[in-house]
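Here's the structure we're looking at; comments come further down.
Readers should treat all values here as calculations from the given coordinates under stated rules, not as data from a laboratory. For clarity, every value in this text was computed on a predicted model and none was experimentally measured. For neighbour counting, all protein chains shown are included, and Cβ atoms are generated from backbone atoms with ideal geometry for every residue, glycine included.
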Amino acid sequence: MLTKATDDTTETGNHLGYLVAPHVVAVNHQHFLNFRLDFDVDGPINNLSEMTVAALPQSERNRQANAFAMEETMLASEAMAVRDMSLAQSRAWMVMNPDKKNALGTPCAYMLMPGSNSVFYPLETSRSTKGTVCIASLLGNKVQS
Ligand SMILES: [Cu+2]
């Protein structure tokens, strides 16, 4: 959808857009930015994992029911690595080299952290992108599984 001319010069817009100048409606839209990142985290053999946060059940160790934990899931195939963001789970992704350790003894890694963002608003049938993150090139022939 593009900016539209309108005969309406008095109203502030409608549910599809907003009047930004006389006879000009800025139609609601989204921006999609695509980046191809070729990770070599301390070498060409990298793994990908997804980090999610979930509340822990109330228990003797979590009496106030205010504890939560981060879970890490390895994404070992290209099909698994087509993922959408999840604000509810604070979802992020980590590209790491399992053979190179940092000073803490954990794998050297980069985090992919969605910042200010939104979900895909139009109907899924119009969607031309697969997910927030598609790690196809990373998994092509370099990632260990
Ligand atoms: Cu725009």
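For region 33-139, the residue among P98, N47, Y121 whose Cα projects farthest onto the positive side of the dipole built from Cβ charges is Y121. Counted over region 33-139 with a bin width of 10 Å, the fraction of Cα pairs per bin, in whole percents, is 13, 37, 31, 15, 4. Site pair A88 and V53 shows an inter-label distance of 1.6 nm when each label is modelled 7 Å from Cα along Cα→Cβ.
Converting phi to 3J(HN,Hα) with the Karplus coefficients 6.51, -1.76 and 1.60 and the offset θ = phi - 60°, region 106-116 yields 9, x, 5, 7, 10, 9, 9, 10, x, x, 4 Hz in sequence order, with x at every glycine or proline.
How much length, in nm to one decimal, is gained on full extension between S128 and V20, taken as 0.36 nm per residue of separation minus their Cα-Cα distance? Contour length minus Cα-Cα distance gives 36.0 nm.
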